[in-house]
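Q: Take a look at the following structure, please.
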Amino acid sequence: MRIRKQSVLLSLLLVSLLAFSAHAEDMTYDLEGTVNKALKDNPSIEASRASALGAEEGRKAARGAFGPKLSTTYGYTYKDHKKNVGGVPSYDDDYYTLTASVSQPIFTGFNILSTYQKSELAKESAELAKDQTELALILNVQENFINLLIARENVRSAQATVDRLASQLKVTQAYYDVGLQPRIDVLRAEVQLSDAENALLQAENARETQRARLNTLLNLPLDADVKYMGELVYMPAPMDLEASLSVAAKARPDLLIARKAVEIAMKDLKITESDFYPQLAASFDWSRMGDHPQVDGSEFATTEFSEWSTKATMSWELFSWGTTYYAAQRDKQTIAKLKAEEAGTWQEALYEIKSRHLSIAEAAKRIKVAQKTVDSAQEAYRMALARYQAQVGTNNDVLDAQADLSSAEASYTKAQGDYMIAIARLYKAIGEKNPGLATAAK
């Protein structure tokens, strides 16, 4: 019995460990995984999806106007006495009626068609707005993910600085103890180490702040133990300026939304101008009556207690003091305004894409310069340390070389991060979704 209980406990423990392992694995994300998780769970995406679905339902509602409409009524009337004609009652004091009507628009001056086409455009515009929201979220997550990688590198660099200064302090203290260095060198080494430790604390705080920000974008608890995997890497620019402009003209959501706005305004003009045309419709009516709820006639109408009729109608408003004419002129001016705004949107897109390419080129040059600076600073620090240990250099030389090395590492890290962010911003500028910057890495 005891062995059986132990087996059950071991099985439960194994299941728990497997579940914990699966959960832990689910909480590990690279750049692409982080973006995809945000696209799935971020509340802003849920809102944009709901808006797009609402626009689709609006399109379906507009489509229904093409078909016939069926209506029915059921009524009861009571009169306080029967009216006599020649001493004979002519109708009942209890009177029930049932009617059904079917109406079908035939021609509405293109009003129904234009309204439906407008709802289709509104649906497409809502979907483009969802794409725009997704692009903004992708860039937001990518920037914060890259900033987390920068923060990690800054922590690593700050820790290396602390280690170097702590080692230098030990050496300086030892030299001071044997009378080879003055006390001021020890004090300066202590000050430099204290400053480096403060910088390390700030770097660690920036890293944790960045982690919390990513957690919120993924709709996770602030303190969720998520492992964000990645490193700062150099990748070639995805495309040249001409190709970027070509992609943007076809894919950038705000440009497409601006075009849709012009098309929607044109449909509004069509709807307004529909009042210039005659309106044609057809209908079919059927009714029954009686002195009982079954509406099956009465003593006064034992037969022919039901009837039907059909008709076609045409109405045409010939004059309305210019109401329709001036409304149409208003819509035309709206179209002109939206076309001008579309042109302005394209100009802004041109500037943004050009600036992104310039940022990429600048960051790439900075990476090359910073890499050389780091190599030189490392060699200068090594030489200053060796000269100090050989007692042919000063403590100030070592501390200055150490400060130059820390500054060079920070510049290199920032240049790498700025380059990756510039790549991400270019994708946003051209309207292309690339969660992991995979294309640029090829």
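The values are calculated or read from the model by the stated rules, or taken from the named source; none is laboratory data. Keep in mind the model is a prediction, meaning the values are calculated, not measured. As a convention, Cβ positions derive from the backbone with ideal geometry for all residues, glycine included, and neighbour counts pool all protein chains shown. For accessibility, only protein heavy atoms count, side chains too; no ligands or nucleic acids. Shrake-Rupley method; radii C 1.70, N 1.55, O 1.52, S 1.80 Å.
Q: Taking the condition in contact (Cβ under 8 Å) with a residue 40 or more places away in the chain, out of contact with any strand residue (DSSP E or B) (no Cβ under 8 Å at 6 or more places or on another chain) and at negative phi, does residue 162 pass?
A: Working: in contact (Cβ under 8 Å) with a residue 40 or more places away in the chain: no; out of contact with any strand residue (DSSP E or B) (no Cβ under 8 Å at 6 or more places or on another chain): yes; at negative phi: yes.
It is false that residue 162 is in contact (Cβ under 8 Å) with a residue 40 or more places away in the chain, out of contact with any strand residue (DSSP E or B) (no Cβ under 8 Å at 6 or more places or on another chain) and at negative phi.
Q: Looking only at segment 382-417, count how many residues are open to solvent by less than 40 Å² (accessible area, probe 1.4 Å), in contact (Cβ under 8 Å) with a residue 40 or more places away in the chain and not aliphatic (A, V, I, L, M).
A: 8
Q: Something else about it: Checking the conditions here, which among 281, 261, 248 is in contact with a Pro (Cβ under 9 Å, 6 or more places away or on another chain), of a type in the set (A, V, I, L, M) and in contact (Cβ under 8 Å) with a residue 40 or more places away in the chain? If you could, list the steps in order and put the result at the bottom.
A: Working: 261 fails: in contact with a Pro (Cβ under 9 Å, 6 or more places away or on another chain); 248 fails: in contact with a Pro (Cβ under 9 Å, 6 or more places away or on another chain).
Selected residue: 281, the only one of 281, 261, 248 that is in contact with a Pro (Cβ under 9 Å, 6 or more places away or on another chain), of a type in the set (A, V, I, L, M) and in contact (Cβ under 8 Å) with a residue 40 or more places away in the chain.
Q: Follow-up. For segment 224-244, how many residues are in a strand (DSSP E or B) and either surrounded by fewer than 18 Cβ atoms within 10 Å (Cβ to Cβ) or at positive phi (or both)?
A: 1
Q: Being open to solvent by less than 50 Å² (accessible area, probe 1.4 Å) and more than 30 Å from residue 261 (Cα to Cα) narrows it down to one residue among 135, 148; which is it?
A: 148
Q: Return the residue satisfying two criteria in turn: it lies in segment 44-78 and is surrounded by fewer than 14 Cβ atoms within 10 Å (Cβ to Cβ) and hydrophobic (A, V, I, L, M, F, W, C), and of such residues it is nearest to the chain's Cα centre (by Cα).
A: In this case the residue turns out to be 47.
Q: With the structure loaded, tell me whether residue 266 is open to solvent by less than 30 Å² (accessible area, probe 1.4 Å), in contact (Cβ under 8 Å) with a residue 24 or more places away in the chain and out of contact with any His (no Cβ under 8 Å at 6 or more places or on another chain) or whether it fails that test.
A: Spelling it out, it is not the case that residue 266 is open to solvent by less than 30 Å² (accessible area, probe 1.4 Å), in contact (Cβ under 8 Å) with a residue 24 or more places away in the chain and out of contact with any His (no Cβ under 8 Å at 6 or more places or on another chain).
Q: Considering only segment 361-415, state which residues are within 14 Å of residue 165 (Cα to Cα), under 46 Å from the mean Cα position of the chain (by Cα) and among the hydrophobic types (A, V, I, L, M, F, W, C).
A: Across segment 361-415, the qualifying residues are 403, 405.
Q: Would you mention how many residues in segment 247-263 are under 23 Å from the mean Cα position of the chain (by Cα) and either over 30 Å from residue 324 (Cβ atoms) or β-branched (Val, Ile, Thr) (or both)?
A: Quick first cut of segment 247-263, residues under 23 Å from the mean Cα position of the chain (by Cα) only: 247-261.
Next cut, either over 30 Å from residue 324 (Cβ atoms) or β-branched (Val, Ile, Thr) (or both) only: 247-257.
Within segment 247-263, residues that are under 23 Å from the mean Cα position of the chain (by Cα) and either over 30 Å from residue 324 (Cβ atoms) or β-branched (Val, Ile, Thr) (or both) number 11.
Q: Just one of the numbered conditions (1) surrounded by fewer than 17 Cβ atoms within 10 Å (Cβ to Cβ); (2) out of contact with any Phe, Trp or Tyr (no Cβ under 6 Å at 6 or more places or on another chain) is not true of residue 261; which one?
A: The number of the failed condition is (1).
Q: Any idea which of 143, 190 is open to solvent by 50 Å² or more (accessible area, probe 1.4 Å) and farther than 30 Å from residue 328 by Cα?
A: 190 is the lone residue from the list that is open to solvent by 50 Å² or more (accessible area, probe 1.4 Å) and farther than 30 Å from residue 328 by Cα.
Q: Given the criteria closer than 20 Å to residue 263 by Cα and either in contact (Cβ under 8 Å) with a residue 24 or more places away in the chain or open to solvent by 60 Å² or more (accessible area, probe 1.4 Å) (or both), does residue 345 qualify?
A: yes
Q: Out of the residues in segment 193-223 that are under 30 Å from residue 172 (Cβ atoms) and acidic (Asp, Glu), which is surrounded by the fewest Cβ atoms within 10 Å (Cβ to Cβ)?
A: For segment 193-223, the residue satisfying everything is 195.
Q: So, residue 121, is that one open to solvent by less than 30 Å² (accessible area, probe 1.4 Å), under 25 Å from the mean Cα position of the chain (by Cα) and of a type in the set (A, V, I, L, M, F, W, C) or not? Walk me through it before giving the result.
A: Working: open to solvent by less than 30 Å² (accessible area, probe 1.4 Å): yes; under 25 Å from the mean Cα position of the chain (by Cα): yes; of a type in the set (A, V, I, L, M, F, W, C): yes.
Answer is yes for this residue.
Q: For segment 174-187: of the residues being assigned to a helix (DSSP H, G or I) and modelled with pLDDT under 90, which is farthest from residue 403 (Cα to Cα)?
A: Applying the first criterion (assigned to a helix (DSSP H, G or I)) to segment 174-187 yields 174-177, 183-187.
From the residues that got through so far, the ones that are modelled with pLDDT under 90 too are 174-177, 183-186.
Numbers: 174: 22, 175: 21, 176: 22, 177: 25, 183: 21, 184: 18, 185: 16, 186: 17 Å.
For segment 174-187, the residue satisfying everything is 177.
Q: Look at segment 176-187 and say how many of its residues are crowded, with 18+ Cβ neighbours inside 10 Å and in contact (Cβ under 8 Å) with a residue 40 or more places away in the chain.
A: 2
Q: Now for a different question. Which condition does residue 280 not pass, out of (1) buried (at least 18 other Cβ atoms within 10 Å of the Cβ); (2) of a type outside the set (Phe, Trp, Tyr); (3) not in a helix (DSSP H, G or I), if it passes all the others?
A: All conditions are met except number (1).
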